[in-house]
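The structure appears right after this line, and notes come after that.
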Amino acid sequence: MQSLINHLNQLQDLVLTRDEHRQTGDGSHLDSLNDSIDELVEKLPPDVRSHWQLLSKRDHVVMSPMYNGSCSVCGMRLPIAQVQAVRMCKTLQNCPSCTRILFEENDAPQWIGERPSRNAPRKSGVSRFSAPSLMIPALKATNGAEAITELAQLMEEMKFISRSDRLIQNALEREAILSTAMENGIAFPHVRGVEGGGLTFALGISKEGIPFDEDGTIVNIIFLITIPSAVSAFYLRLMSMLTETFIKEQHRQALLASENQDQLWKALTKATRYCIK
Ligand SMILES: [Zn+2]
């Protein structure tokens, strides 16, 4: 059963990568992504395949990690017997509410940030997703994998995310499907299924630029993003908003000119003040 779950998760990653590529990429990898998806769908047992097809017509997020005994996509608290069944992993379990396929990932990175107190004013703009302590104005990294490592370790050190080792591994696995480096020297490495809090990102800058992927795409601006399953769709919107903002040369230059965390945070806040409310 675990191998079926792995197979389904692999399929899920490909489907969501294709959505990203449709929204922010140039479409050049659509054919190969479609082929890989068709191949994996074809290999599913017939009953699972029809269930997959039914679910994915409604929403492209079909797989839902169980977190704290709940379905992390719809939030439904699962009956104890089902929590145990998901843990045992002997039969395929569906959420009783949203019918997504449930699975458990024991060593997944988790969001461990400080929850805002009830009286605190609601955060606005980019501070909903990041913080000055998650800015690296001068990355030491000399390639994409090192940059992801540096940013992930900072997220753990600053107590936003646990298990940076897994975070790095998952981000690199996602990069292996399709590089997240874009035109204009920006990359959006990311990991889904980081439950426990909100979408969070760290930002690293390399003034000289570093080769980010196998093709040697040079990147200066790297957002490492952790995404709870429930906001998978919002992540695509955020990525579009950031892409649109940093298409503008002046906004990129402001990030690159920052000399410390404070300046970088201010430049990011200023550049995104109209697109992220
Ligand atoms: Zn659910």
Just check segment 81-154 against the gyration tensor rule for me: Cα atoms, a ≥ b ≥ c as the square roots of the eigenvalues, rounded for a/c under 1.5, and otherwise prolate or oblate depending on whether a/b exceeds b/c. oblate
Quick one: Karplus J couplings for segment 271-277, per residue in order, coefficients 6.51, -1.76, 1.60, θ = phi - 60°, nearest Hz, x for Gly and Pro? 5, 9, 5, 8, 8, 10, 8
Once amide H atoms are built 1.01 Å from N in the peptide plane, which residues 5 or more positions from residue 218, or in another chain, come under 5 Å H to H? 212
Rounded if a/c is under 1.5, else prolate if a/b is larger than b/c, else oblate: which is the chain, with a ≥ b ≥ c the root eigenvalues of its Cα gyration tensor? prolate
In debye, nearest 20, what is the charge dipole magnitude of segment 2-103 about its Cα centre with +1 on Lys and Arg Cβ and -1 on Asp and Glu Cβ, if you could check? 660 debye
Can you give me the % of accessible surface on segment 169-257 that is carbon or sulfur? Probe 1.4 Å, all protein chains present, nothing else counted. 52 percent
Neighbour count of at most 13 Cβ within 10 Å plus DSSP loop: longest GluC sites (Glu not before Pro)-free window in the chain: 1-113
Whole-Hz couplings from phi, Karplus 6.51/-1.76/1.60, listed for segment 251-264; x for Gly and Pro: 6, 5, 4, 4, 5, 5, 7, 5, 9, 8, 4, 4, 5, 5
So, with +1 on the Cβ of K and R and -1 on the Cβ of D and E, and no other charges, what is the size of the charge dipole of the chain about its Cα centre, to the nearest 20 debye? 1520 debye
In percent, how large is the relative contact order of segment 3-68, given Cα pairs closer than 8 Å and 6 or more residues apart? 40 percent
What residue among 176, 138, 267 has the largest mean-square fluctuation in a Gaussian network model of the chain, using Cα springs under 10 Å? 176
Filter on 57/266; 140/266; 159/207; 57/248; 57/123 - keep pairs with C-alpha separation over 31 Å: 57/266; 57/248; 57/123
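The values are calculated or read from the model by the stated rules, or taken from the named source; none is laboratory data. None of these values were measured; they are calculated from a predicted model. Note that we place each Cβ from the backbone using ideal geometry, even for glycine, and neighbour counts take in every protein chain shown. Note: areas computed on protein heavy atoms with side chains; ligands, DNA, RNA excluded. Shrake-Rupley method; radii C 1.70, N 1.55, O 1.52, S 1.80 Å.
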